[in-house]
Amino acid sequence: MERHAVRLLVLAAGVYLITRGVAWVQGGGDFITPIWPACGIALGGMLLWGAGMWPAIYVPMALSSLAAGNSVAFALLAPAGLTAAIQGATLALGRGKFDREMRSTRDVLLLAAVGAILPMLLAGVWSASLMALTEMIPREAFFATSLVYGLANTTGIVVVAPLVLLAAAGRHPRGRWQEWAIFVSLLVSVWMAFHGFGHRTVLAYLPFPFLVWLALTGGLPLAALGILAVVVGAVGFSGSGPFSGGSPLENFAQFEIYIGIFATTGLLLGAGSEAQRREKELRSAAAVREAEMERIKSQIHPHFLFNCLAAIHSLAGTNAAAARAGIIALSDLLRASLDAAGEKFVPLGREITIIGNYLALQRMRFEDALDATVDCSPAVASFPVPPMLIQPLVENAIKHGPDENGHVAVKVLAYENAAGLYVSVKNTAPDCAARPQDWKDGVGLASVKRRMEEAWGGRATLRLTTEDPNWIVVGIQVMQGGNEGSDHG
C-alpha cells in the first residue's frame, strides 16, 4: 500500500510539472503545442505500475487545466476523457502482449497504433466536443481542434513513452564515441534544418540520415534519445523553421506528421537493429554449444569403444567362443549407440536398452564378479534424454567399482518421483568416501553435467553421494517441464 501511494505521488508530480512546464513555455494557458509530453509520461507510468494509476493522471491534469483559467466543467471533463483513453490504451497493449522493454519492432508498432494514434485521436474528439459545447470554440472549428489535440497527444506518447519505459528497464543510452559523434551531428543537422536555412521545407529531412545511422549503430535507447533531441530542437525553432510558411493549421499538421514519421522510423530501426544483433549473438552461442557437444561426443564414443574392446580382449585368450559372441554383441551395441547419437533426444527406454547390452558385454569379461541390475519404470520409458547421457556413469561405475578381489555391483534405477524423472547409478566402491576425486574425470561426470545443462538448463541436477558401507550413488533429477517428449524422433 505504501509503495502504491509513493508511485501515485511520483507519477502525479511528473504529469503536473510537465503540464505546467508546457504552459510556462507557451507563455500562458494555451496548451496548443506540437507535442504534449504529459501523455507520454502518463502512459509510461500506467504501463509500468498498472491501470490503478489513473488518479495520478486525472488529478494533476484537472488542476493544470484549472490553473490555466479554463472553466470548471472543461477542467473536470476533458482530463477524464484523456485519462480514460490512456487507461484503455494500457489495457489494449496488455492484451496485445506488449513488451514494456520494447525489444521488437512489433512493440514499436503496437505503441504507435494501439497506445498512441487510436486512443489519442478519440481523446482529441472528446476535448473538442467539450470545447464546442461550452462555446470555447466555434462549431466549425471542431474538426481542426480535434486534430490538433489528437496529434499533439499522439506525438507526446510516441516521443516520451519509449524513454520512460526504457529507463525503467535499465536500458540507458550507451555507445562508443562514434555513436555520440553521430548524436552531435544529428543536433547540428536539426539546427541547420530548422534555424540555419529559414523556410526551406526540404531541409527538414536533413536529420533523417543521422537518425538512421544512430539507430542502426546505437540501438533503441540512443535512437529514442536522438528523437527527443530532434523534437525539442524542432519545436524550439518551429516559429522560423520549414513548417512556418503556411496557415497555422497547415503548419501544425505538417509538423505533427513530420514528428510522427521521424519518431516511428527511429524507433523501428533501433528495435530492428537490436533484434538482429540478438539473433546473431544467439546463433553464435548456439554454434559454440553445438561444437562443444560434438567435442564431448567425440570423447565419449572412443572411451565407450575402448572399454568394450577391453572386455573382448580379456576373453580372446581364454574363451574364443565368448570373444566371438562379444564381437557380435559389440557390433549390435555400436550400431544402436551410433543411431542414437545422431538424435538430439532419445527415449529413456532406448538408452536403458543400450546400457543393458553394455552390461551384458561386460559380464563376459567379469563373469560372476559383476552383479548388475537395470530397472526402468514404464512410466518414464518415453522420457526424452540426450543420447549416451547415462552410459558414462555406468562405465565409471565399472571402472572404479571393483574391490581388491575384482568384484563389483552396479544398480541402474529410473523412475518418476514427485519432482519429475529420477535416474540413479549405484555401485560398490571400496573406500569411496576417501577418494571422491576418482569420480570426477573429464569424460564422465563433467560431460554429463554439460549435456544436462544444454538439455534442461536449471531444471536438472546431478548429485554424487556415498552410502555405507562402500557404495557410491550418482543421481540425476530432472524437474517437470513443458516440453518432454517433443524433441525425440
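The values are calculated or read from the model by the stated rules, or taken from the named source; none is laboratory data. Note that the coordinates shown come from a computational prediction; the quantities given were computed from them, not determined experimentally. Note that we place each Cβ from the backbone using ideal geometry, even for glycine, and neighbour counts take in every protein chain shown.
The table that follows gives values for the structure above.
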{"item": "Test: residue in region 352-362 that is closer than 21 Å to residue 466 by Cβ and touching a helix residue (DSSP H, G or I) at 6+ places or on another chain (Cβ under 7 Å)", "result": "no"}
{"item": "Residue within region 23-40 that is closer than 24 Å to residue 134 by Cβ and at pLDDT 90 or above present", "result": "yes"}
{"item": "Residue selected from region 236-272 under the condition of a type in the set (Gly, Ala, Ser) and at pLDDT 90 or above, by the criterion nearest to residue 219 (Cα to Cα)", "result": "270"}
{"item": "Filter result (in a helix (DSSP H, G or I) and either farther than 27 Å from residue 14 by Cα or at pLDDT below 90 (or both)) within region 153-182", "result": "177, 178, 179, 180, 181, 182"}
{"item": "Any hit, region 74-92, residues being buried (at least 17 other Cβ atoms within 10 Å of the Cβ), within 21 Å of residue 250 (Cβ to Cβ) and free of Cβ contacts under 8 Å to residues at least 40 places away in the same chain", "result": "no"}
{"item": "Failed item in (1) surrounded by 20 or more Cβ atoms within 10 Å (Cβ to Cβ); (2) of a type in the set (Gly, Ala, Ser); (3) in contact with a Ser or Thr (Cβ under 9 Å, 6 or more places away or on another chain); (4) within 26 Å of residue 8 (Cβ to Cβ), with residue 128 passing the rest", "result": "(4)"}
{"item": "Cross-chain or 6+ apart pairs with Cβ under 8 Å, region 132-144 first and assigned by TED's automatic domain parsing to the domain that holds residue 34, then assigned to a loop (DSSP other than H, G, I, E, B)", "result": "132/138; 134/71; 136/70; 136/71"}
{"item": "Residue in region 316-330 that is modelled with pLDDT of 85 or more and over 23 Å from residue 445 (Cβ atoms) present", "result": "no"}
{"item": "Region 391-421: number of residues that are touching a His at 6+ places or on another chain (Cβ under 8 Å) and either modelled with pLDDT of 90 or more or part of a strand (DSSP E or B) (or both)", "result": "0"}
{"item": "Boolean, residue 388 is touching a helix residue (DSSP H, G or I) at 6+ places or on another chain (Cβ under 9 Å), in contact (Cβ under 8 Å) with a residue 24 or more places away in the chain and assigned to a helix (DSSP H, G or I)", "result": "no"}
{"item": "Only listed residue being within 27 Å of the chain's Cα centre (by Cα) and buried (at least 17 other Cβ atoms within 10 Å of the Cβ), chosen from 7, 95", "result": "7"}
